[in-house]
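Here the structure is laid out as structure tokens; the discussion comes afterwards.
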Amino acid sequence: MQKTFIKYVFVIVTAAIFLILFFNLLFTFHSLETQQFETFLAKTEQVIHTLETNQTELEMMNENLDEDYLTRAKAAAYVLDRQQEVSMDVEQMQYLAELLNVDEVHLIDENGIIVSASVSQYIGIDMDDHEQTRAFLALLESEEEEAWLIQDAMPNAAENKIMKYVGVARKTQKGVVQVGFEPTRQMEAESRNTYEYIFSKFPTDVGEELFVVDRTSGKVLGHSGGMDREFQADCYQLDRLMGSLQGDFIQGESGRDMYVVSREYGDVLICAALPGDILLGKLMGNTFNTLMYLLFVEMAVILLLNYLVQRKVIDGIHHIIENLSAITKGNLDTAVSVGGNREFEQLSEGINTMVKSLVSISNRISAIIEISGIPLGAFEYKKGDGHVFVTSGVKGLLEISDERAPVLYKNAAVFDQYIRDTLENLAEGEKDVYQISESKYVRIHMSETAEGCLGVITDVTEDMMEKKRMQYENTHDPLTGLYQYVYFKQLAADILKNMSFGTVSAIVMLDLDYFKSINDTFGHNAGDQYLQGFSAVMKSMPAEHFLTARRSGDEFCMMIFGCGGKEEIIGWLDAFYEALRKKQIPLSETEVRIISASGGFAWTADSEDSIYELLSHADEALYEVKRETKGRYTEYCQ
């Protein structure tokens, strides 16, 4: 009887194992394909987000630089209209260009001839002789009092050098004042918005490819592996890629199948591909691990049943049924005990072992999860029950201490309250991500019924940290750690808009004195230390009153807010300049400098005032200081 029973058990369990393995194979393949599809979608979404973010930043940067360039051109015109002798002296024009932090300054008379310039060889050029310069002649014919022209970056007429020029009409006499800039920042920003540059910043798995195809011509526009290769395989052809929006297997190079997911974005297809044999390798690995686990379970079950069948199976049936009935009602602490018969005593012990195995089944499920390599935890409990079903990963994901875990797992009500408390810590800007600690984030999905609750927990710490890192890089200057100018204006505008009644705020524009000579004399490393030293003083000011940013190069800006009046603002500025005077920057082994900076500020008590007007007024005050003296600040006066 025992041998027959074991034989049938072996046949049934083996058949069940292979049936489970077959369905597991189908399910795992579908899951892997779905997971890969979602991974590719997430990566293409990141590519699109990066493209749009870079484009937005480029447009905002161009807009801000145009505004700044126009301000400098107007300042040059203002100086030349009031100091006629400067217009006839190249050295004076060069000094004016250095003062305004521009690369070139030109003065054009009523005939369209450059009569004075910071670059001597440009003097005498007829603006009508070249298409690039001819556009500024329209300013001579304009009847507008504030006529101006901002030209896009292009090769200039004199040297074919890429330059950006801004011209304004003179007020005191007919003529044009023109300033020129080398558009280094715009060109660098545009280079960061190429597909291959963006792809180089995205991590890819082994064999994984990211590429972009033109939807009109079918030409590959960018590739994560570079462009020095042939793109004749089916997986790069437009007609095949259009059918891969939901994912598809397409033949690649050398007949190798590729799993490809494409996504439409404007006039291009953004595509991700992975060799099919890599995906198949993952499937075989998961299937083999599952098979080994099932065979181990089969062996353990057969050995256990063989052990139990050796014991008596007649006496004590009713007593065992009563004990099992109590167990099925949820009383897992019930111990099956049958005396007077050795076989049933062993059977009772086996049943008790099986009950303990049911209680610890989470550990076996956790083993499967650990084999898969997925940071996952699950829990389940019924209302009114004492025991909570959890996998081993739950404790680590929720950072539950070893002392507290037994208390939570033995009481469903206490565990439920713990989960409710955790759900109160929703991560900022997220729907289902919760912050466990300063360096831990999890995603919790729960399904609740009248009987109980089932939940799944996944670790998303890496994704959240990467998101925070990208957000920090997008809003902070990499050299100084201060806010970038664009983000500063957004924050400053919000502070101004929400300014409390009875308080005042001020915008301060700052410019480092003699910074160019420091760079020229001691090198750019010393210049960077000088900038970092200045930013360190800015960051040392109290955050409840100061908002600080790097504008560009050696230009900085601050917002002083939450003050009771202009006197308090001046007090903070005095404290800031006192801190500057105490800050010594080593520029070489023998040279130490105290930071010198000029500043201008404009203040307001009206929350309806425009942040751009305050910025402009502070700029005007700064230029007033730079014209008269250096190393101090002044207030904007209308």
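The values are calculated or read from the model by the stated rules, or taken from the named source; none is laboratory data. Remember, predicted model here, so these are calculated numbers, not experimental data. Using ideal geometry, Cβ is built from the backbone for each residue, glycine included, and neighbour counts are taken over all protein chains shown.
Somewhere in segment 560-569, is a residue surrounded by fewer than 14 Cβ atoms within 10 Å (Cβ to Cβ) and under 36 Å from the mean Cα position of the chain (by Cα)?
There is no residue in segment 560-569 that is surrounded by fewer than 14 Cβ atoms within 10 Å (Cβ to Cβ) and under 36 Å from the mean Cα position of the chain (by Cα).
Within segment 436-452, can one find any residue that is surrounded by 14 or more Cβ atoms within 10 Å (Cβ to Cβ) and in contact (Cβ under 8 Å) with a residue 60 or more places away in the chain?
The answer is yes, given that some residue of segment 436-452 is surrounded by 14 or more Cβ atoms within 10 Å (Cβ to Cβ) and in contact (Cβ under 8 Å) with a residue 60 or more places away in the chain.
Residues being in a helix (DSSP H, G or I) and more than 13 Å from Y530 (Cα to Cα): count how many of those fall in segment 574-611.
Summing the residues that are in a helix (DSSP H, G or I) and more than 13 Å from Y530 (Cα to Cα) in segment 574-611 gives 9.
If you take the residues in segment 211-232 that are among the hydroxyl-bearing types (S, T, Y) and surrounded by fewer than 11 Cβ atoms within 10 Å (Cβ to Cβ), which one is nearest to R263 (Cα to Cα)? First the steps, then the outcome.
Residues of segment 211-232 among the hydroxyl-bearing types (S, T, Y): 216-217, 224.
This time we only want the ones that are surrounded by fewer than 11 Cβ atoms within 10 Å (Cβ to Cβ), so: 216-217.
Numbers: T216: 15, S217: 16 Å.
That would be T216.
Restricting attention to segment 39-47, does a residue exist that is among the aromatic types (F, W, Y) and touching a residue at least 40 places away in the same chain (Cβ under 8 Å)?
Within segment 39-47, the first condition is being among the aromatic types (F, W, Y), and the residues that meet it are 40.
When the remaining residues are screened for being touching a residue at least 40 places away in the same chain (Cβ under 8 Å), the result is 40.
Yes, some residue in segment 39-47 is among the aromatic types (F, W, Y) and touching a residue at least 40 places away in the same chain (Cβ under 8 Å).
Hey, does segment 445-456 have a residue that's in contact with a Lys or Arg (Cβ under 9 Å, 6 or more places away or on another chain), more than 25 Å from H387 (Cβ to Cβ) and at pLDDT 85 or above?
The answer is no; no qualifying residue exists.
Regarding G112, is this residue on the phi > 0 side of the Ramachandran plot and either touching a Cys at 6+ places or on another chain (Cβ under 6 Å) or at pLDDT 90 or above (or both)?
So G112 fits the description; yes.
Would you check if V102 is surrounded by 18 or more Cβ atoms within 10 Å (Cβ to Cβ), part of a loop (DSSP other than H, G, I, E, B) and out of contact with any Gly (no Cβ under 6 Å at 6 or more places or on another chain)?
Answer is yes for this residue.
Restricting to segment 260-311, what's the tally of residues that are out of contact with any Asp or Glu (no Cβ under 9 Å at 6 or more places or on another chain), of a type in the set (S, T, Y) and under 30 Å from L26 (Cβ atoms)?
Counting residues in segment 260-311 that are out of contact with any Asp or Glu (no Cβ under 9 Å at 6 or more places or on another chain), of a type in the set (S, T, Y) and under 30 Å from L26 (Cβ atoms) gives 3.
Which of the residues belonging to segment 386-418 are surrounded by fewer than 19 Cβ atoms within 10 Å (Cβ to Cβ) and either in contact (Cβ under 8 Å) with a residue 60 or more places away in the chain or in a helix (DSSP H, G or I) (or both)?
K395, G396, A405, P406, V407, A413, V414, D416, Q417, Y418
Condition (residue is touching a residue at least 60 places away in the same chain (Cβ under 8 Å) and small (G, A, S)) applied to segment 8-28: is it met by at least one residue?
no
What is the residue count in segment 137-175 for residues that are of a type outside the set (G, A, S) and either part of a strand (DSSP E or B) or within 35 Å of the chain's Cα centre (by Cα) (or both)?
Of the residues in that region, 13 qualify.
Here is a check on your reading of the model: is Y530 buried (at least 16 other Cβ atoms within 10 Å of the Cβ), touching a His at 6+ places or on another chain (Cβ under 6 Å) and modelled with pLDDT under 95? Steps first, please.
Numbers: buried (at least 16 other Cβ atoms within 10 Å of the Cβ): yes; touching a His at 6+ places or on another chain (Cβ under 6 Å): no; modelled with pLDDT under 95: yes.
Criteria not met by Y530.
Are any residues in segment 425-435 under 30 Å from M541 (Cα atoms) and surrounded by 15 or more Cβ atoms within 10 Å (Cβ to Cβ), and if so, which ones?
Taking segment 425-435 first, the residues under 30 Å from M541 (Cα atoms) are 427-429.
Correct list: A427 only.
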